[in-house]
Ligand code: NAP
C-alpha cells in the first residue's frame, strides 16, 4: 500500500525531537521532503528553502506538518490548503484568532483536513481526567502551575519574546489546551496579570483568574475558582501541573505536563511520552475520514487574557 506523502515545514527543535521520530514509529506517512529556510538538512530527505519551492517541485505531495513558530503559520497553512494538501499545525495554531478562523473556513471550502495538534491533549491521563469530570460531581477548584526555565527549554529562541511569539503562553497554552479538553463546559478568563521584560514584547510570566461557565448542567461549577500561574523564570525543579479538587474533597493531580494522573495521591494513569505518535495516527484517520479537527478554545483563552489583563513591565531578560 502506498503511504500518503508528507512534507515537514520547519526543521527546528520540535520537528527533530518529536515529529520525525513519530512519523518513523507510526509508519503511516512517507516523509518526502523538509523545508528549512537556513538550509538545514535531514539525512536522506530532499530539503527545500521554502514551502513554495517544495510545492512547485513536488506537486503530488499529500500533506504537510507546519512546525515553524506561530507568526508564519497562517501564510504557510493557507498556501498548503490552496495547493490541495492536508495540514497538521503545531501549537499554537496561529498568531491570532482571526487567522485560525480564516484557515478553518478555508479548509472547509477546499475540503481538506486541517488539524490543530494540541499535543498535551493526546495523553491517556488527560483522557482519563476528562472522563471522570464528565461523569459529574461538582468541582471546588482548579489550579494550574506551569513553571519552567526558558533558558533550558528554549535556548536562544528569540522569536518567543518577539511580538506574535506568545512568550510564556507558548508553554502555558498547553495547560489551557488540557483545561479546555477536560472541563465538561466553557471556561472564561476574568482577569490576568502579564509581566513583560523591559527589553521584550511578550510576557515572561502570567497569572490568570478564570471561571467555569456551566452552572446549569453541573451544579455549583460556575464561580469555581480556576487559576493559572505561568512562569518562564523557574530554575531548579520544573512544574507542569494541574490540581483539581472536587466538592467531595477528592483531589485529582495531573502532573508532568498531563502525562500522569493521581487521585488522592494514588497514581491512576501514566504512560511514557507517546503524544506525537497519537497525533500522527489521528491525522491519518482524519484524512481517511475526510474530517477536520480544529480546537480554537486554548487560543481564545490566551487572547482573552491579553484583552482583560493588566500589563506590567519587569526586569529585562537576556539569555
Ligand atoms: P525552533 O527550534 O526555533 O524551530 C522553528 C523552525 O521553523 C526553525 O528551524 C526555522 O528555520 C523554521 N522556520 C521559520 N520560518 C519558517 C518558514 N517560513 N518556512 C519554513 N520554516 C521556517 O522552534 P521549536 O521549538 O521547534 O518550536 C516550533 C513550534 O513548535 C512552536 O510553535 C512551539 O510552540 C511548538 N512546540 C515546541 C516544543 C518544544 O519543545 N520546543 C514542543 C511542542 C511544540 P530557521 O531557523 O531557518 O529560521
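The values are calculated or read from the model by the stated rules, or taken from the named source; none is laboratory data. Since the model is a prediction, treat every value here as computed from it, not as a measurement. Every residue, glycine as well, gets a Cβ built from its backbone with ideal geometry; the counts of neighbours run over all protein chains shown.
Numbers below:
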| read-out | value |
| --- | --- |
| Number of positions in the stretch 230-267 that are at pLDDT below 95, surrounded by fewer than 16 Cβ atoms within 10 Å (Cβ to Cβ) and part of a strand (DSSP E or B) | 1 |
| Selection from the stretch 183-211 of residues that are out of contact with any strand residue (DSSP E or B) (no Cβ under 8 Å at 6 or more places or on another chain) and either crowded, with 18+ Cβ neighbours inside 10 Å or part of a strand (DSSP E or B) (or both) | 200 |
| Residue 39, sole failed condition from (1) touching a residue at least 60 places away in the same chain (Cβ under 8 Å); (2) part of a loop (DSSP other than H, G, I, E, B); (3) out of contact with any helix residue (DSSP H, G or I) (no Cβ under 6 Å at 6 or more places or on another chain) | (1) |
| Residues of the stretch 83-117 that turn out to be part of a loop (DSSP other than H, G, I, E, B), within 15 Å of the ligand (Cβ to nearest atom) and closer than 20 Å to residue 284 by Cβ, as a count | 6 |
| Residue 9 being within 11 Å of the ligand (Cβ to nearest atom), closer than 21 Å to residue 276 by Cβ, modelled with pLDDT of 95 or more and within 22 Å of the chain's Cα centre (by Cα) | yes |
| Tabulated pairs, the stretch 255-284, first without any contact (Cβ under 8 Å) to a residue 40 or more places away in the chain, second loosely packed, with under 15 Cβ neighbours inside 10 Å, C-beta under 6 angstrom, 6+ apart or interchain | 264/251 |
| Exclusive hit being in contact with a helix residue (DSSP H, G or I) (Cβ under 9 Å, 6 or more places away or on another chain) and away from the ligand (no atom under 12 Å from the Cβ), set 200, 151 | 200 |
| Selection status of residue 279, touching a helix residue (DSSP H, G or I) at 6+ places or on another chain (Cβ under 9 Å) and either closer than 30 Å to residue 27 by Cβ or not in a strand (DSSP E or B) (or both) | yes |
| All positions within the stretch 15-29 that are touching a helix residue (DSSP H, G or I) at 6+ places or on another chain (Cβ under 9 Å) and surrounded by 14 or more Cβ atoms within 10 Å (Cβ to Cβ) | 18, 19, 22, 23, 26, 28, 29 |
| The stretch 57-82 - residue that is crowded, with 18+ Cβ neighbours inside 10 Å, more than 11 Å from the ligand (Cβ to nearest atom) and part of a loop (DSSP other than H, G, I, E, B) and, of those, farthest from the chain's Cα centre (by Cα) | 61 |
| Matching residues in the stretch 31-41 - criterion: being exposed (fewer than 14 other Cβ atoms within 10 Å of the Cβ) and more than 9 Å from the ligand (Cβ to nearest atom) | 41 |
| Counted residues, the stretch 85-124 - those being in contact with a helix residue (DSSP H, G or I) (Cβ under 7 Å, 6 or more places away or on another chain), surrounded by fewer than 24 Cβ atoms within 10 Å (Cβ to Cβ) and over 18 Å from residue 296 (Cα atoms) | 1 |
| Flag if residue 128 is out of contact with any strand residue (DSSP E or B) (no Cβ under 6 Å at 6 or more places or on another chain) and in a helix (DSSP H, G or I) | no |
| Hits in the stretch 42-56 - residues which are outside any strand (DSSP E or B), closer than 28 Å to residue 153 by Cβ and within 15 Å of the ligand (Cβ to nearest atom) | 49, 50, 51 |
| Residue 137 vs. criteria in a strand (DSSP E or B) and either surrounded by fewer than 18 Cβ atoms within 10 Å (Cβ to Cβ) or away from the ligand (no atom under 16 Å from the Cβ) (or both) | no |
